[in-house]
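Chemist: Questions regarding the structure given below will be posed in turn.
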Amino acid sequence: MGAAWGRRALRAGLALGALALVLQGLRGWLAAKRYEFSPAEIAQLARHHAGLDHELAFSKIIVELRKKHPGHILPDEDLQWVFVNAGGWMGSMCLLHASLTEYVLLFGTAVDTGGHSGRYWADISDTIISGTFRQWKEGTTRSEIYYPGDTIVHQAGEATSVQWSAGTWMVEYGRGFIPSTLAFALADTLFSTQDFVTLFYTLRVYAKGLLLEANAFFSTFGC
């Protein structure tokens, strides 16, 4: 029995060591790679259109992003507003760009909603176009309210309580290991709402984003 326990402990130790090496390699890759977008660029672009009707603002933002990043923004026929149920809240997103390490999307809600932010292996920033957003940070006893033109930064590993007022719309940029965010984003859909149509829409549009980025990558080699 002692020998069997020792073998199990050895296997567990080797597995943990391998996981640590993978995570360290992933961190190094994320720190060294070149990114297509920057948080400051997305925030500045959204801030320029803050206060406008959100649909007008979003249409202008899409046009400008396509000019600055040709081949990296999904075409109109692939843009789709998809429900998001996560952390007890419900919103809707329209994905513009997605890769393994970045995403740009439009997000908001037509009803009051709130819940848990999630804790990610990614840095996420949101710039408000319309409405209000309230955030209660972990370890504090007071919340803060943000208004059109404000940018909220959610660092990797952080968790907060979040609340959107009806009619709040924003532009979101995420940078990190993006597939890791899907577990939180899809958990309520899988285990609560069981809205598998929304699950399909979410995975389909993310796959389209990945294919677009793969095409842009190989086009640089003349493929």
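Chemist: Would you confirm whether or not the stretch 56-65 contains a residue that is small (G, A, S), under 26 Å from E213 (Cα atoms) and in contact with a Gly (Cβ under 6 Å, 6 or more places away or on another chain)?
Modeler: no
Chemist: How many residues are among the hydroxyl-bearing types (S, T, Y) and either crowded, with 16+ Cβ neighbours inside 10 Å or in contact with a helix residue (DSSP H, G or I) (Cβ under 9 Å, 6 or more places away or on another chain) (or both) when one looks only at the stretch 205-223?
Modeler: So the count comes out to 1.
Chemist: On the given criteria, is T202 crowded, with 17+ Cβ neighbours inside 10 Å, among the β-branched types (V, I, T) and in contact with a Phe, Trp or Tyr (Cβ under 8 Å, 6 or more places away or on another chain)?
Modeler: Criteria not met by T202.
Chemist: Evaluate the following for E158: is it at negative phi, surrounded by 13 or more Cβ atoms within 10 Å (Cβ to Cβ), in a strand (DSSP E or B) and out of contact with any Pro (no Cβ under 8 Å at 6 or more places or on another chain)?
Modeler: The answer is no for E158.
Chemist: Output the residue which, of all residues in the stretch 93-128 that are open to solvent by 10 Å² or more (accessible area, probe 1.4 Å) and acidic (D, E), is farthest from W81 (Cα to Cα).
Modeler: Ranking the qualifying residues of the stretch 93-128, first place goes to D123.
Chemist: So which pairs qualify, if the first residue must be in the stretch 119-133 and under 20 Å from S165 (Cβ atoms) and modelled with pLDDT of 95 or more, the second must be β-branched (V, I, T) and open to solvent by 30 Å² or more (accessible area, probe 1.4 Å), the Cβ gap must be under 8 Å, and the two must be at least 6 apart or on different chains?
Modeler: If the second residue must be β-branched (V, I, T) and open to solvent by 30 Å² or more (accessible area, probe 1.4 Å), the pairs left are I124/V153; S125/T151; S125/V153; D126/T151; T127/T151; I128/T151; T132/I145; F133/I145.
Chemist: Run P148 past the list (1) open to solvent by 40 Å² or more (accessible area, probe 1.4 Å); (2) modelled with pLDDT of 90 or more; (3) within 19 Å of H97 (Cα to Cα); (4) of a type outside the set (D, E, K, R) and report the number of the one that doesn't hold.
Modeler: (3)
Chemist: Between a residue in the stretch 65-85 that is within 19 Å of A185 (Cα to Cα) and touching a residue at least 40 places away in the same chain (Cβ under 8 Å) and any residue that is among the small types (G, A, S) and open to solvent by 50 Å² or more (accessible area, probe 1.4 Å), which pairs come within a Cβ distance under 8 Å, given they are 6 or more apart or on different chains?
Modeler: Close Cβ pairs satisfying both conditions: N85/S192.
Chemist: Continuing with the same structure: Condition check: without any contact (Cβ under 8 Å) to a residue 60 or more places away in the chain and of a type in the set (S, T, Y). Does T101 satisfy that?
Modeler: For T101, the condition - without any contact (Cβ under 8 Å) to a residue 60 or more places away in the chain and of a type in the set (S, T, Y) - is not met.
Chemist: Residues in the stretch 169-191: is at least one surrounded by fewer than 17 Cβ atoms within 10 Å (Cβ to Cβ) and β-branched (V, I, T)?
Modeler: No, the stretch 169-191 has no match at all.
Chemist: Mind listing whichever residues of the stretch 42-88 are within 20 Å of T202 (Cα to Cα), open to solvent by 50 Å² or more (accessible area, probe 1.4 Å) and part of a helix (DSSP H, G or I)?
Modeler: Passing the criteria: D76, E77.
Chemist: Same structure, new question: Out of all the residues in the stretch 96-150, which are among the charged types (D, E, K, R) and either under 11 Å from the mean Cα position of the chain (by Cα) or assigned to a loop (DSSP other than H, G, I, E, B) (or both)?
Modeler: Answer for the stretch 96-150, where residues must be among the charged types (D, E, K, R) and either under 11 Å from the mean Cα position of the chain (by Cα) or assigned to a loop (DSSP other than H, G, I, E, B) (or both): E102, D112, R119, D123, D126, E138, R142, D150.
The values are calculated or read from the model by the stated rules, or taken from the named source; none is laboratory data. Not measured: the values here are computed from a predicted model. With ideal geometry, Cβ positions are generated from the backbone for all residues, glycine too; neighbour counts draw on all protein chains shown. Each accessible area value is taken on the protein alone, full model and side chains, heavy atoms only, with ligands, DNA and RNA left out. Shrake-Rupley method; radii C 1.70, N 1.55, O 1.52, S 1.80 Å.
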